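Throughout, read-outs are computed from the coordinates displayed, never taken from laboratory work. Quantities reported herein were computed from a predicted structural model and do not represent experimental measurements. A quick note on method: Cβ atoms are made from the backbone with ideal geometry, for glycine too, and the neighbour counts reach across all protein chains shown.
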Amino acid sequence: MFFKKKEPEFKYNLGDEVKDTITDFNGVVVRRTQWLNNCNTYGVQPRSLHEGKRQEVGDFDEPQLKLMQKEIVPAHRETGGPSRSVPQSNRI
């Protein structure tokens, strides 16, 4: 049996602020995962600190999240990584 590969369809984008409707946990989407059965889950990083330390990322299924604000953090930005144009080497 072969699976047809298709582009994942996510309801929320990286950098969106979302809130879990069950626990009221809210934060920024920092990762997205699409499972084989087409269930989407999101890693949500809280924006606040707890006792001066960063809180753990929570993982939630797509249907239980609600969008609070779109693109709090820009998803596309220059990271200073390697350049697309690499000069030719002088080696033969």
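Bridging of residue 66 to aspartates and glutamates at a Cα separation below 17 Å is possible for 9, 16, 17, 20, 24, once same-chain residues fewer than 8 apart are set aside.
Backbone phi angles across the range 24-34, fed through the Karplus curve with coefficients 6.51, -1.76 and 1.60 (θ = phi - 60°), yield HN-Hα couplings of 6, 5, 9, x, 9, 5, 10, 7, 9, 9, 10 Hz in residue order; Gly and Pro are listed as x.
Describe numerically, in nm with one decimal, the distance between label points set 7 Å from Cα along Cα→Cβ at residue 37 and at residue 13. In this crude spin-label approximation the distance works out to 3.0 nm.
Taking Lys and Arg as +1 and Asp and Glu as -1, the other residues whose beta-carbon sits under 13 Å from that of residue 32 total -4.
In units of the rule-of-thumb radius 2.2 N^0.38 Å, the range 17-68 shows an alpha carbon radius of gyration of 1.15. The order of the peptides 13-21, 56-64, 37-45 by mean Cβ neighbours within 10 Å, most packed first, is 13-21, 37-45, 56-64.
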